[in-house]
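Below is one structure, written out as structure tokens; the observations come after it.
What follows is calculated from the coordinates using simple rules that are stated; it is not laboratory data. Predicted model, so just to flag it, every value in this text is computed and none were measured. A quick note on method: Cβ atoms are made from the backbone with ideal geometry, for glycine too, and the neighbour counts reach across all protein chains shown.
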Amino acid sequence: MSSTVAEPLPDLVVGEQPLADAEASVSVRALRSRFGEAIRGVRLDAVGTPVVSIDPARVHDALSFLKTDADQAYDLLLDVMGADPGGDLVIQVWYQLWSMENGRMLRLLVLLPRADLSVQSAVDLYPAADWLEREVYDMYGVSFEGHPDLRRILMPENYDEGFPLRKDFPLRGRFTRSEQVRRALNRSTEDVYAREELALAGVLEAEPAAELAADEAGEAEDYLAGEKMVINMGPQHPATHGVLRLVLQLDGETIVRCIPHIGYLHTGFEKTCEYREWNQVVPYTDRMDYLAPMLYNIGYAGAVESLLDVEITPRCQVVRLIMSELNRLLGHLLWLGTGAMDVGATTVFLYTFQERERIYNLHEAYCGGRITTSVTRIGGMVADLPVGWLDACRELVNGLPATLDEAERLLTRNSIFQARLVDVGIIDAEKALEFGLTGPNLRASGIAYDVRKARPYLGYEEYDFDVPVGVVGDAYDRYLVRMEEMRQSIRILQQALDRVPDGPINVQDPAVILPDKSEAMSSIDAMISHFKLVMEGVQVPAGDVWYSIEATKGELGFGLISDGGPKPVRCRFRGPSFVNLAALPYLVEGGLVSDVIAANASIDIVLGEIDR
Amino acid sequence: MADDRKKLPTVNPLGGDVDTGPPASWLITKVDAVVNWSRRNSLWPMPLGTACCAIEMMATAGSKYDIARFGAERFSFSPRQADLMIVAGRVTYKMAPILRRIWDQMPQPKWCISMGACASSGGMFDNYTIVQGIDQIIPVDVYVPGCPPRPESLLYALMMVQEKIKGESLANPVHREESPDSAGKPNLPPEAIELVAQPFGNSTRQNRISGVEGSSAISRPRDRRERLLEHQD
């Protein structure tokens, strides 16, 4: 163990964490010995991940060392997250790293003074940092030196109200509503177009002249050979699964370049959540991934519980696990239906929506909502299971394999389906890691990384299930992996439905969970804690955490920072689709126009969590 | 026995009243009846689905709720072949010019359903990026409450649009008037936008200047429809 005494991090909320344990981490010791003075502080976060605060000038060197050093091998950059503690305090940039080989996580923290908000970009090491850094720039105004294309990503290109996630930025924006509407509608076409598009258009203008000259010289035999066309797909398009816009530069039918534009659904979740109490954030979470809403509820509650150091009851754990797997099925069934419809198979859509309606019925029986469920509370669930719910769920689970068989009979060996998917949008394991893919997309490329196995939560380690992996990493592999995942989910559900223990669903902690109504009316203690919880909300101790679960689309991360008050200082949601979508240009460039639809459907995105 | 059988009532299949007035009026009524009957039973929706509501819109098109029963199953993803815009989900300021352009591209006659709390009023997102009700941008015929509304609600809204079409007349083009100058412009004057965009619900605790400090004066916002009507003249 290193004998160096860790200094407290300047300008940073520090929870009560054992510093000696942090120093014991292999990576921390290696960083200490290599970077010495540049390491400003070390500690553990709420789930025990080492956090290393490092000099901004050395962060690129440190990332480079952590990626390339054989003992470290942090090959997956999960997230780059900004945070503003408010006041005159410095702006923070957090890097979340994961090492596949060693199964270790590490968080790097950079503190940037407001006068000099710049840090070296990590895009050359991790291509996944491209969009993640652009988002930090968009929201906090941190400039990443050496980033090839640092411009706004979620807000409009010419947004001039400031950097929304900074604490001095008002929740409703700086201008009046009428001024915001006027500015939005007055945005000229040139402003709406991105710089890249204008560059493409410039190429367009230059080329016909060259062709003409060649034609006059009698050299242009293949007149159309070099002619490029730019087409705009979206944001209102039936096959983009939401308001995604793709600018495609074509050479005939071949795609030369693909530039995704996102942010048409940027809802300001992260900003709005900073103005809500911890329990009030729950309804926001299920509106981010409306295809599998409960996974967000469960992940968020788990993250806050780890900050509070609250352990949920065994019954709650199994109920949450059942809800997780039901929602995995819900999300995958929607992907199956719409994905098949995108390549021309409409029947499957109707079959899967029938099953989804059955799952919705279970949602309704449990919480009253179909999509916007908001089922979790910190320390438990909104209610205990209603009588007969488990039997209804068992019936549904037993009927599901038949529907999957039917869908597979229609698709798997269908020659049209195969012609559209096989060898389309190939990404190999190495590239997939570089782009930061997670979930079924990464597993289809052959890497068996599943958060349920790598860092088990909700007791997943006690269940018997397999992690399917692909071989080629094409759209067809992604289809096969997801189909098998649904069968594994059914397997988990069958085990879990027989394991639901009796007992309370909520923790018996008056500081977290509202007391029983009858108790609140009869006992003074219960009434006081009821009053305090309703008026002040759950008090979460100061600290921070990176907590992740396996959502339908990949690793869903929650980066929370608390200063001990009733509201979060920072609520970061790492929507897996955001990072997965950044790989789309790699998947489609060089392919045909029709492959864009198939590739886009195969990576399974949901714009709600991409734009947040 | 055959004489006991009651005579079946005569029904006009087109739904219009058989007018006994002057012949010219009778003819206009008849054309209206035919036109409105065909229009309302073959609405082609333009689904502008952005978020959660779009999933419920898809569920409405699924086999359980089956929007085809109302003749509106032909979702038209091109605005030029659509006559009913269903805005399902939150609309951001970045999306606003696109929404306006799609609406301008739709040929007359056209109607609009604002599906869900976000499209109708901004919903739970009273922040820097969400338009506080699409009626600031385009005219709306039916607002559907809910977050998201159930498929039954959307079907009911569709029936309300059909009811509205029933009362329209070719001789009265008032509600079809659209100036080319209005293309790309807000639907409401600035003061009306300020009025309808005042904070709703739990956001009354914040004020516009800081967004953090609680405002002591909690004014109960007047009814949205009432405010809109004030600015209709």
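Numbers at a glance
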{"item": "Rounded to the nearest 20 debye, dipole of the stretch A:393-482 from Cβ charges on Lys, Arg, Asp, Glu", "result": "180"}
{"item": "Segment A:THR68-A:ASP525, length gained on full extension (0.36 nm per residue, minus Cα span)", "result": "158.8 nm"}
{"item": "Dipole of chain A, positive direction: furthest Cα of A:ASN506, A:GLY575, A:THR272, with charges on the beta-carbon", "result": "A:ASN506"}
{"item": "Cβ crowding within 10 Å averaged over residues, with B:128-137, A:162-171, A:259-268 ranked highest first", "result": "B:128-137, A:259-268, A:162-171"}
{"item": "10 Å Cβ neighbours from other chains, averaged over peptide A:460-468", "result": "0"}
{"item": "Relative packing of peptides A:373-379, A:414-420, B:178-184, A:426-432 - highest average C-beta neighbours within 10 Å first", "result": "A:373-379, A:426-432, A:414-420, B:178-184"}
{"item": "Kirkwood Rh in Å, taken over the stretch A:228-349 so that all alpha-carbon pairs contribute", "result": "17.6"}
{"item": "Mean separation of Cα contacts under 8 Å (6+ apart) over length of chain A, as relative contact order %", "result": "16"}
{"item": "Where labels lie 7 Å past Cα in the beta-carbon direction, separation of A:GLN495 and A:SER118 in nm", "result": "5.3"}
{"item": "Given charges at beta-carbon only (K, R positive; D, E negative), |dipole| of the stretch A:28-185 in Debye", "result": "500"}
{"item": "Cβ neighbours within 10 Å from other chains - mean over B:77-83", "result": "1"}
{"item": "Sorted peptide list for A:453-464, A:333-344, criterion being average Cβ within 10 angstrom, highest first", "result": "A:333-344, A:453-464"}
{"item": "Cα gyration tensor, chain A - rounded (a/c under 1.5), prolate or oblate", "result": "oblate"}
{"item": "Cysteines without a disulfide-compatible partner [chain A; Cβ-Cβ under 4.7 Å]", "result": "A:CYS258, A:CYS316, A:CYS367, A:CYS393"}
{"item": "Average other protein chain Cβ within 10 Å of Cβ, residues B:113-124", "result": "1"}
{"item": "The stretch A:268-424 - charge dipole about Cα centre, Lys and Arg +1 at Cβ, Asp and Glu -1, debye rounded to 20", "result": "220"}
